[in-house]
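The values are calculated or read from the model by the stated rules, or taken from the named source; none is laboratory data. Worth saying up front: this structure is predicted, and the values here are computed from it rather than measured. Every residue, glycine among them, receives a Cβ derived from its backbone with ideal geometry; neighbour counts consider all protein chains shown.
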Amino acid sequence: MGFLGEKKPDEKKEKKEKKKLEKPAPRFKTVYTQTVDTFGSCKIVLDTVTGVNYLLLDSGTGEGGLTPLLDQNGKPVVSVITDDSK
């Protein structure tokens, strides 16, 4: 520590470098996958920040789509986020 608790330039640099090395947790997590013979795959993807579930269609050829997964009332399916979900 420097004068009055001020960090020395080397300490600031070390802290900055350490922060760069820390990899943030991925925001999106695949929670279900199903292969569809004639199309490719169908996945449910969870946004670990908002809890919203998305339906992802992937043809494997670069074509597909993403839409919020809806319940029977037309509302987005939202999961409770726990530390295990992230």
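Of note:
- Restricting attention to the stretch 15-47, the residues that are more than 19 Å from residue 81 (Cβ to Cβ) and either at pLDDT below 75 or assigned to a loop (DSSP other than H, G, I, E, B) (or both) total 11.
- Selection count, the stretch 57-86, where residues are surrounded by 10 or more Cβ atoms within 10 Å (Cβ to Cβ) and touching a residue at least 24 places away in the same chain (Cβ under 8 Å): 9
- Qualifying positions in the stretch 57-86 - part of a loop (DSSP other than H, G, I, E, B), of a type in the set (A, V, I, L, M, F, W, C) and over 17 Å from the mean Cα position of the chain (by Cα): none
- Odd one out for residue 50 among (1) surrounded by 13 or more Cβ atoms within 10 Å (Cβ to Cβ); (2) part of a loop (DSSP other than H, G, I, E, B): (1)
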